[in-house]
Amino acid sequence: MRALKLAVAVTLVAGLAACAQTGGFVRAHWRMVQPAHACADSSFVVYFDEGSDQLSQPARQLIRETTRVYRACNVTKVRVVGLTDATGTPDANLSLSQKRARRVAAELVREHLPSPSFDVVGAGESGAVRNDGREDPMRRRAEVFLTISPR
C-alpha cells in the first residue's frame, strides 16, 4: 500500500510539473525520470523567469510534492545544477546560475528532504546558444538529481 501511495505521488508530481508555467510558456518539456519503483534515483527540472532566481508558486509546489514523495526514501545525495541562457555577461550568468542552484537547494532543505550530501553547482551560460545562433530559453532552470540507496 505504501509503495502504491508513493507511485501515485510521483505521478502527481509529474502532472504538476507539466502544468507549471514560467514566463508564459507551458513547460510541456519538463521531464522526470520515473523510477521503476518510488524509491529509485530520479531527477526533475525547476524553471525560472529570465534574469531571476526567485521560485514561482508552481516551482515551490513541485519541490514540495517531490520532497514529500522522497522523504520516505534513503536519499544519499542531491545534486543541484543551476543554468542560465546567454543573456547578460558570462560573469553575471555564472553568478545567477549559482543563485538558482542555491535557491532550489535551500527550498529542498526547507521542505525537509533528507540527504546527508548536497552538491550545489552553477554552470552559467555554457551551452546556452543553439546551433542556429539563437538563445535557448529552456536553459533558465535548475536541474535536481536525487541518488537513492536501498535501505
Condition check for LEU55: of a type in the set (A, V, I, L, M), closer than 16 Å to PHE44 by Cα, in a loop (DSSP other than H, G, I, E, B) and touching a strand residue (DSSP E or B) at 6+ places or on another chain (Cβ under 9 Å)
yes
Complete set of residues in segment 68-94 that are within 22 Å of SER117 (Cβ to Cβ) and either under 11 Å from the mean Cα position of the chain (by Cα) or among the aliphatic types (A, V, I, L, M) (or both)
VAL69, ALA72, VAL75, VAL78, ARG79, VAL80, VAL81, GLY82, LEU83
Please give the number of the condition PRO137 fails out of (1) of a type outside the set (D, E, K, R); (2) touching a Phe, Trp or Tyr at 6+ places or on another chain (Cβ under 8 Å); (3) under 16 Å from SER43 (Cβ atoms).
(3)
Might you check whether a residue that is crowded, with 21+ Cβ neighbours inside 10 Å, over 30 Å from ALA38 (Cβ atoms), of a type in the set (Asp, Glu) and more than 15 Å from the chain's Cα centre (by Cα) occurs anywhere in segment 115-131?
yes
Of the residues in segment 49-74, how many are among the aliphatic types (A, V, I, L, M) and closer than 27 Å to LEU96 by Cα?
4
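Here, each number is a calculation from the coordinates, and none is a lab measurement. All values derive from a computational prediction rather than experimental measurement. Every residue, glycine as well, gets a Cβ built from its backbone with ideal geometry; the counts of neighbours run over all protein chains shown.
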